[in-house]
Amino acid sequence: MNYLITLVLLFNFSICIAQTKNKNSVKVAHENTIYDILQKSWVANEPVSYLAPVAHINSVGSRRIPLREGENRSSNFYLFEANINLSFPLFFGKKTGGQNSKRSRITFDYNGTFRMTLDESKPLTPGSNKVGFSWYFNLYNNYTGWAYGKLQTEQNQMLDSKPEKLKFYNLLVRVHHYSNGQGPGFFYVPDPDTPDVFRNSYLDGDFSTNYIWVQLTKGTFNKNISSLHQMSLAYRYDFGDETSSLAYSMQQEESYGRHRLLGSYDYRTEKFSEKLELHFRTELGYILDNLDNFQANLVDDDNKYRFNIRALLEIAPKNHRAVGYFVSAYYGRDYLNIRYDDIIYSIQGGITLSLDKFFF
């Protein structure tokens, strides 16, 4: 699995670098129809692919049970952290199609997150692998109205003849399987004589869940200054059980959380320069249900750590094509699968990678 993940990362990285060095690169076309902008708003709201060398990830306090060899016990830095987000369209409304079909997209998704430690031989951590399907749909926009409402002519879909701001509401429904691909086993017990002292096994513990994600996004595109604001509110429900093919480990019950509220704000603009895009995103999460079985890997700390927050700032020069540059910060439960009982803060910087780059 580690070799496969490394190959996927190198493949994507090589394509992005090749696009960056292409001397015959062309200026990105600025489409001027309503549905071009709406479809681009889906891309703009996708998870960001990135490579962060020398990523700083540290516990917020003293760990009850220290990290082992292979879990990055030697440093508070990792050699790198990478997140690869791939989305393959299975259905996408064409320009010649009906207006309602152009409001919709169905994709097959893969998202992988992993880290390379600074321990002996520099092993990779078990990765977070998310695989499934997503459906994107524009419910309403102030140029053509509600979906399945009265259809309007193609001429009335041109941005030039419409008000300064395109306002819209998008729906996202996502069904994903999420696991780290490890064998049976969940906890690490340092001393067999004290079996009640344990934590999650970050090296070889088997993490698995499945979720339905329903998200509503309110967006505004200002065509005069080429800026896009998107605010999203989502509900995630994790399903499955120990015996089903869609597994949910029994050790995660009342510990990992099955019900979550998530929110995000995403802002993109060319206001400061036509040669680059400025991108800011902040994401919040809160676990809603019973967490009686959760124990943070911290000394004398009974907090359930329901809340997490992430902020990211990206600068994407247009002539760099698929590559941008970012800094980010995170606080909360570790987002790398079974490490969720490790409460961390993280500061990272590096490059963003995109084969379907968002541009106005």
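If I go through region 176-194 residue by residue, how many of them are loosely packed, with under 15 Cβ neighbours inside 10 Å and either at positive phi or among the β-branched types (Val, Ile, Thr) (or both)?
Selection size over region 176-194: 3.
Looking at region 249-258, is at least one residue out of contact with any Asp or Glu (no Cβ under 7 Å at 6 or more places or on another chain), in a strand (DSSP E or B) and at pLDDT 95 or above?
No - not one qualifying residue is present in region 249-258.
Evaluate the following for GLY185: is it without any contact (Cβ under 8 Å) to a residue 60 or more places away in the chain, in contact with a Gly (Cβ under 8 Å, 6 or more places away or on another chain), in a loop (DSSP other than H, G, I, E, B) and more than 30 Å from ASN45 (Cα to Cα)? Spell out the reasoning first.
Working: without any contact (Cβ under 8 Å) to a residue 60 or more places away in the chain: yes; in contact with a Gly (Cβ under 8 Å, 6 or more places away or on another chain): yes; in a loop (DSSP other than H, G, I, E, B): yes; more than 30 Å from ASN45 (Cα to Cα): yes.
It is true that GLY185 is without any contact (Cβ under 8 Å) to a residue 60 or more places away in the chain, in contact with a Gly (Cβ under 8 Å, 6 or more places away or on another chain), in a loop (DSSP other than H, G, I, E, B) and more than 30 Å from ASN45 (Cα to Cα).
Does region 258-275 contain any residue that is of a type in the set (D, E, K, R) and within 21 Å of ASN180 (Cα to Cα)? Outline the logic, then answer.
As a first pass, look at region 258-275 and keep what is of a type in the set (D, E, K, R): 258, 260, 266, 268, 270-271, 274-275.
Next, from what is left, pick out any that are within 21 Å of ASN180 (Cα to Cα): 258, 260.
Checked region 258-275: at least one residue is of a type in the set (D, E, K, R) and within 21 Å of ASN180 (Cα to Cα).
Given the criterion surrounded by fewer than 20 Cβ atoms within 10 Å (Cβ to Cβ) and among the charged types (D, E, K, R), identify the matching residue among ASP334, ASP302.
Matching residue, one of ASP334, ASP302: ASP302.
Within region 157-176, work out how many residues are more than 16 Å from ALA44 (Cα to Cα), in contact with a Ser or Thr (Cβ under 6 Å, 6 or more places away or on another chain) and modelled with pLDDT of 95 or more.
1
If I filter region 313-328 for residues that are without any contact (Cβ under 8 Å) to a residue 40 or more places away in the chain and in a loop (DSSP other than H, G, I, E, B), do I get at least one hit?
no
For every residue, the table says whether it meets (1) modelled with pLDDT of 95 or more; (2) under 30 Å from GLN182 (Cα atoms); (3) in a strand (DSSP E or B).
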| site | (1), (2), (3) |
| --- | --- |
| PRO89 | no, yes, yes |
| LYS95 | no, no, no |
| TYR110 | yes, yes, yes |
| PHE133 | yes, yes, yes |
| LEU151 | no, no, no |
| GLN155 | no, no, no |
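Mind checking whether some residue in region 229-236 is among the aliphatic types (A, V, I, L, M), surrounded by 14 or more Cβ atoms within 10 Å (Cβ to Cβ) and touching a Ser or Thr at 6+ places or on another chain (Cβ under 6 Å)? Reasoning before the result, please.
At the first step, the residues of region 229-236 found to be among the aliphatic types (A, V, I, L, M) are 231, 233-234.
Those left that are additionally surrounded by 14 or more Cβ atoms within 10 Å (Cβ to Cβ): 231, 233-234.
From the residues that got through so far, the ones that are touching a Ser or Thr at 6+ places or on another chain (Cβ under 6 Å) too are none.
No, every residue in region 229-236 fails to be among the aliphatic types (A, V, I, L, M), surrounded by 14 or more Cβ atoms within 10 Å (Cβ to Cβ) and touching a Ser or Thr at 6+ places or on another chain (Cβ under 6 Å).
The values are calculated or read from the model by the stated rules, or taken from the named source; none is laboratory data. What you see is a predicted model; the values in this text were computed from it and never measured. Here the Cβ is made from the backbone with ideal geometry for all residues, glycine too, and neighbour counts use every protein chain on show.
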